[in-house]
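Step one of this worksheet: look at the structure below.
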Amino acid sequence: GYFSGRAIQVLVNPDEPQVVVHAHINASARSAATLVLPVESLGSGYYVMGYDQHGMAGAGYFSYSIIATEPNTTFLVHQRVDRVVGPTLKITLPNVGDVYQFLSVDDYTGTYVEADPATSACKTFAMFSGSSGIMIPFDIDNSLNPLFQQLYSVNNWGKKYAYVPFSGPDKGSMLRIVAQDD
């Protein structure tokens, strides 16, 4: 759905030092957090990342959110549903701080969202994705936790990464990788 002016903008006075911002969501005994990227690091194309909902309708929803950082930005959403190419959506957010949020019980990992090259080619925006409640891996402890992350634009992707497992690779740690090209 569309939500006007719902994004939160953090501003620091020009004469003050730079800051680091993170967002934390919680409800009951569940929580998730993400580093919030500065506007200077945003891009014009993102791949949505999440995890399979396992058809758990009502328990949790796969989600992604598009946040306009410039007025009158049009987006093309090239959907992938459970790894299958779906229809392309065209969405326009008229104001800075407007949000388009998508929810589903299906996995939309691999969906590509870009500023429309015909009308918004030089515009950047922010994206978040994840789930309102998910089991990773499925049915390991019968509890749901949110998955919440700000996405990095494809122009900030790299080829070498470091990974530090929380409690060791043999303790259920998982990696999920999205390739930009086949």
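The values are calculated or read from the model by the stated rules, or taken from the named source; none is laboratory data. Note that the structure is a prediction, hence the values are computed from the model and not measured. Glycine gets a Cβ as well: all are built from the backbone with ideal geometry, and neighbour counts include every protein chain shown. What goes into the accessible areas is simple: the full protein's heavy atoms, side chains included, and nothing from ligands, DNA or RNA. Shrake-Rupley method; radii C 1.70, N 1.55, O 1.52, S 1.80 Å.
Numerical summary
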read-out	value
Descending Cα extents along the principal axes, segment 89-128, whole Å	31, 20, 16
Amide H contacts under 5 Å for PHE75, placed H, 5+ residues apart	ILE91, THR92, LEU93, ASP116
GNM flexibility winner over the chain from PRO38, PRO17, PRO71 (Cα, springs under 10 Å)	PRO17
Estimated D of segment 1-63 in µm² per second, where Rh is the Kirkwood radius over Cα pairs and Stokes-Einstein applies at 37 °C, 0.692 mPa s	211
Interchain or long-range residues, amide H under 5 Å from GLY86's placed H	GLN79, ARG80, VAL81
Solvent exposure, largest accessible area first (probe 1.4 Å, DNA, RNA and ligands not counted), of LYS160, LYS90	LYS160, LYS90
Percent carbon-and-sulfur accessible area, the chain, ignoring ligands, DNA and RNA, probe 1.4 Å	55
Extension gain, TRP157 back to ALA23 (0.36 nm per residue minus Cα-Cα distance, nm)	46.1 nm
Distance in nm between pseudo-label sites at ASP182 and ASN72 (7 Å out along the Cβ direction from Cα)	3.8
Largest to smallest accessible area among THR74, THR88 [probe 1.4 Å]	THR88, THR74
Accessible area (Å², 1.4 Å probe, nearest 10) - LEU76	30
Accessible area per residue, Å², the chain with all protein chains present, probe 1.4 Å	61
For segment 56-129, alpha-carbon Rg over 2.2 N^0.38 Å	1.13
Descending principal axes extents, the chain, alpha-carbon based, whole Å	44, 44, 36
Heavy-atom SASA rank of ASP106, ASP182, ASP98 (probe 1.4 Å, accessible area, largest first)	ASP182, ASP106, ASP98
Probe 1.4 Å - accessible area at HIS24, Å² to nearest ten	100
Residue list for segment 3-24, given a label point 7 angstrom along the Cα-to-Cβ vector of GLU40 and an amide N cut-off under 15 Å	11-21
Chymotrypsin sites (Phe, Trp or Tyr not before Pro), loop per DSSP, at most 16 other Cβ atoms within 10 Å - longest free stretch of the chain	1-137
